[in-house]
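The values are calculated or read from the model by the stated rules, or taken from the named source; none is laboratory data. Everything numeric in this text was worked out from a predicted model, so none of it was measured. Counting neighbours? That spans all protein chains shown, and the Cβs are built from the backbone with ideal geometry, glycine included. All accessible areas refer to the heavy atoms of the entire protein, side chains included, with ligands and DNA or RNA removed. Shrake-Rupley method; radii C 1.70, N 1.55, O 1.52, S 1.80 Å.
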Amino acid sequence: MQEITECGISGAKDFHLLWNLPGLPLTERFGPYDPNHKLAFDQELLISLPTGHVQLRNQVDPKILYNNTEYSFRTGGSNKSRRDVNFFHSYLQRFTSGRSFNSVVDVGGNDLFVIRGLTGIGRHCAVVDPICASIDGQTIDGIKVFGRFVEEVDFSSDMAPPDLVVCRHTLEHITNPRQVIDQWFRQCAEDCLYVVEIPCFENLVESLRFDAVFHQHVHYFDLSSF
């Protein structure tokens, strides 16, 4: 676990503690129970000053959180997730109707459910997600799979430089989202379209969804901080 020293979007170093969460349990992990293995970590929810961006102080190693044997979430695994993806695809069509793309990449596409709905508009399609490590480098139904963390992929050489990047409920999991977006701007096509879906912290607070604060969600964006 690593304690942050600066804001992941602004670089600011001044934080205010919003919520102390000692012994916050790990969630979304399934595997054999080992009573000697630590299943909880002390956590703090911080707000960055003066930007107002909310994030976790302690960041658990992503290689622990997102291994392909115990991280169980898959987009196509529930009716709710499939409905949410249909909504996302409908929203995306506002910007892509009648347009074709040379290279489409889904960042955080785990089970390829989202990108399968986009194969008709892209000549080349790819998905990037570390839980796909077991199929890294394979091409499945015309989709190139990169089973790695996004920071480890060079979009300008590992694939045809994307002109459409979709990133659905992934940016909040990434330690340094600003660095990743800078990477996209450097490595993708100049006219690339970026479509990102993220949870909204204001909605979380208004609906009292305190259960939505957990180790995998490092960042808690609202519209202004995004």
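Data for the structure
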{"read-out": "The lone exception for ILE47 - which of (1) open to solvent by 30 Å² or more (accessible area, probe 1.4 Å); (2) farther than 22 Å from VAL218 by Cα; (3) at pLDDT 90 or above; (4) of a type outside the set (Ser, Thr, Tyr) it fails", "value": "(2)"}
{"read-out": "Failed criterion for GLN183 (all others in (1) in a helix (DSSP H, G or I); (2) more than 17 Å from GLY8 (Cα to Cα) hold)", "value": "(2)"}
{"read-out": "Candidates LEU39, LEU21 - the one that is open to solvent by less than 60 Å² (accessible area, probe 1.4 Å) and within 23 Å of the chain's Cα centre (by Cα)", "value": "LEU21"}
{"read-out": "Criterion: of a type in the set (A, V, I, L, M, F, W, C), out of contact with any helix residue (DSSP H, G or I) (no Cβ under 6 Å at 6 or more places or on another chain) and more than 27 Å from PHE214 (Cβ to Cβ) - qualifying residue of ALA133, ALA126", "value": "ALA126"}
{"read-out": "Region 136-160 - residue that is in contact (Cβ under 8 Å) with a residue 24 or more places away in the chain and under 24 Å from HIS219 (Cβ atoms) and, of those, most open to solvent (accessible area, probe 1.4 Å)", "value": "GLU151"}
{"read-out": "Condition broken by ALA133, with the remaining ones in (1) out of contact with any Gly (no Cβ under 6 Å at 6 or more places or on another chain); (2) of a type in the set (A, V, I, L, M); (3) open to solvent by 20 Å² or more (accessible area, probe 1.4 Å) satisfied", "value": "(1)"}
{"read-out": "Flag for GLU172 being open to solvent by 40 Å² or more (accessible area, probe 1.4 Å), over 21 Å from GLY117 (Cβ atoms), not in a loop (DSSP other than H, G, I, E, B) and not β-branched (Val, Ile, Thr)", "value": "no"}
{"read-out": "Selection count, region 5-52, where residues are part of a loop (DSSP other than H, G, I, E, B), within 17 Å of HIS173 (Cα to Cα) and touching a residue at least 60 places away in the same chain (Cβ under 8 Å)", "value": "6"}
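Rundown of residues vs (1) modelled with pLDDT of 95 or more; (2) open to solvent by less than 30 Å² (accessible area, probe 1.4 Å); (3) farther than 27 Å from LYS38 by Cβ; (4) in contact with a His (Cβ under 7 Å, 6 or more places away or on another chain), yes/no style:
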{"site": "PRO162", "(1), (2), (3), (4)": "yes, yes, yes, no"}
{"site": "ASN176", "(1), (2), (3), (4)": "no, no, no, no"}
{"site": "PHE185", "(1), (2), (3), (4)": "yes, no, yes, no"}
{"site": "LEU193", "(1), (2), (3), (4)": "yes, no, yes, no"}
{"site": "GLU206", "(1), (2), (3), (4)": "yes, no, yes, no"}
{"site": "GLN216", "(1), (2), (3), (4)": "no, yes, no, yes"}
{"site": "SER224", "(1), (2), (3), (4)": "no, no, yes, no"}
